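The values are calculated or read from the model by the stated rules, or taken from the named source; none is laboratory data. Owing to the predicted nature of the structure, the values given are computational and were not obtained by experimental measurement. All Cβ positions, even for glycine, are placed from backbone atoms using ideal geometry, and neighbour counts span all protein chains on display.
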Amino acid sequence: MVPKGPVGRKIAMRQACLITLEGGEGAGKSTVARGLQARLAERGVLSIVTREPGGSPKAEAIRGILLSGKVKPYGPFAEAIMFYAARIDHIEKTIRPALARGNWVISDRFADSTRAYQGALGKVDPTLLGSLERVALAGFRPDITLILDVPVEIGLARAAARRGSGATDRFESEGRGFHARLRQAYLEIAEREPDRCIVLDASLPPDDVLEMAWAAVEMRALAGVSNTFADAALQ
Ligand code: Z5A
């Protein structure tokens with residue numbers, strides 16, 4: 001059955017999609033994830049919001065270890081392996097089952113984070129990291145990746161305001177230069193894969209960012225049903 005949208009338009013959704021949100025510290029990924037889930041729900045589409053590292057009980061346990069900084073002394077490749085150990089469990093226990101049920105999945109971070117943090121920033125050999133990605137993901141990839149791009153100062157200020165007097169984690173404690181290079185790394189990922197990645201100006205107010213994110217999801221994820229939209233507009 002075709003669900004009806006809030007304004008009574010018939011909305012046809014294609015099969016369940018994996019949407020990933022990427023970007024630096026305080027870019028607003030979690031905020032957009034919740035907003036997209038609400039927009040999908042308004043259209044009768046069930047979705048789950050999940051995150052990396054984490055998203056399944058075993059992956060959440062690994063998250064605790066990674067963010068504590070205990071793996072840092074072993075170097076960025078060891079960290080990448082740990083992020084992938086968590087990701088494999090997250091995919092198998094959470095993402096694939098949700099997609100199989102027909103639920104959309106919105107993940108706050110995914111493999112691009114490893115490319116950016118451990119690859120571009122940690123300087124893990126791209127060939128090595130590419131091999132790890134190919135073996136672990138075996139072709140599994142997000143349908144859409146929204147890269148929330150925000151100037152470093154804004155992102156760090158948001159994160160600091162939210163943190164208050166709480167302690168920084170392993171990655172939050174990196175300096176300004178780290179976060180500037182990270183921003184550049186994400187823009188380069190988007191440039192290399194324009195069919196999957198969409199860069200959004202995340203320095204705008206939350207409602208505007210969500211509007212752009214939703215427009216991107218409609219445009220990309222619903223591309224296959226554009227005729228249905230055209231038909232609906234005429235009804
Ligand atoms: N990591 C890695 O190295 N390798 C990997 O493979 C993976 C991850 C998967 C996970 O951190 C860390 O792991 C991450 C990378 C590394 N390190 N860092 N840094 P995390 O999950 O704890 O944190 P995060 O992913 O960086 O997210 P975040 O800091 O929680 O930020 P966010 O989700 O992007 O933002 P938010 O929570 O939606 O918003 C932050 C605040 O800003 C909050 O008070 C909002 O109300 C506010 N906000 C949000 N949007 C706006 C707008 N548009 N305007 C104004 N204020 C806003």
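Some values worked out for this structure:
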{"item": "Some residue of segment 164-172 being over 22 Å from Val71 (Cα atoms), in contact (Cβ under 8 Å) with a residue 40 or more places away in the chain and surrounded by fewer than 14 Cβ atoms within 10 Å (Cβ to Cβ)", "result": "no"}
{"item": "Residues located in segment 135-163, provided they are of a type in the set (A, V, I, L, M, F, W, C), touching a residue at least 12 places away in the same chain (Cβ under 8 Å) and in a loop (DSSP other than H, G, I, E, B)", "result": "Phe140, Val150"}
{"item": "Check on Phe77, surrounded by 19 or more Cβ atoms within 10 Å (Cβ to Cβ) and either within 14 Å of the ligand (Cβ to nearest atom) or among the aliphatic types (A, V, I, L, M) (or both)", "result": "no"}
{"item": "Neighbours by Cβ (under 8 Å, 6+ apart or cross-chain): first from segment 9-23, over 15 Å from Arg34 (Cα atoms); second within 16 Å of the ligand (Cβ to nearest atom) and at pLDDT below 95", "result": "Gly23/Gly155"}
{"item": "Given (1) acidic (Asp, Glu); (2) farther than 30 Å from Ala41 by Cβ; (3) touching a Ser or Thr at 6+ places or on another chain (Cβ under 8 Å), index of the condition Asp108 fails", "result": "(2)"}
{"item": "Any hit, segment 66-89, residues being in a helix (DSSP H, G or I), over 24 Å from Pro126 (Cα atoms) and under 18 Å from the mean Cα position of the chain (by Cα)", "result": "no"}
{"item": "Count of residues meeting criterion [of a type in the set (A, V, I, L, M), in contact (Cβ under 8 Å) with a residue 40 or more places away in the chain and either loosely packed, with under 12 Cβ neighbours inside 10 Å or part of a loop (DSSP other than H, G, I, E, B) (or both)] in segment 183-206", "result": "1"}
{"item": "Test for Val71: is it within 11 Å of the ligand (Cβ to nearest atom), β-branched (Val, Ile, Thr), in contact with a helix residue (DSSP H, G or I) (Cβ under 8 Å, 6 or more places away or on another chain) and at negative phi", "result": "yes"}
{"item": "Yes/no for Arg34 being within 14 Å of the chain's Cα centre (by Cα), more than 30 Å from Asp207 (Cβ to Cβ) and either buried (at least 16 other Cβ atoms within 10 Å of the Cβ) or not aliphatic (A, V, I, L, M) (or both)", "result": "no"}
{"item": "Within segment 34-58, tally of residues that are touching a Leu at 6+ places or on another chain (Cβ under 6 Å) and in a helix (DSSP H, G or I)", "result": "1"}
{"item": "Test: Ala180 is outside any strand (DSSP E or B) and within 11 Å of the ligand (Cβ to nearest atom)", "result": "no"}
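Conditions (1) at pLDDT 95 or above; (2) over 22 Å from Tyr186 (Cα atoms), marked per residue:
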{"position": "Lys4", "(1), (2)": "no, yes"}
{"position": "Ile19", "(1), (2)": "yes, no"}
{"position": "Lys29", "(1), (2)": "yes, no"}
{"position": "Leu36", "(1), (2)": "yes, no"}
{"position": "Ser47", "(1), (2)": "yes, yes"}
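Residues are listed down the side, and each one gets a yes or a no for (1) within 13 Å of the chain's Cα centre (by Cα); (2) within 11 Å of the ligand (Cβ to nearest atom); (3) closer than 24 Å to Lys72 by Cα; (4) part of a loop (DSSP other than H, G, I, E, B):
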{"position": "Ile106", "(1), (2), (3), (4)": "yes, no, no, no"}
{"position": "Ser113", "(1), (2), (3), (4)": "yes, yes, yes, no"}
{"position": "Gln118", "(1), (2), (3), (4)": "no, yes, yes, no"}
{"position": "Glu133", "(1), (2), (3), (4)": "no, yes, yes, no"}
{"position": "Ala167", "(1), (2), (3), (4)": "no, no, yes, yes"}
{"position": "Phe171", "(1), (2), (3), (4)": "no, yes, yes, yes"}
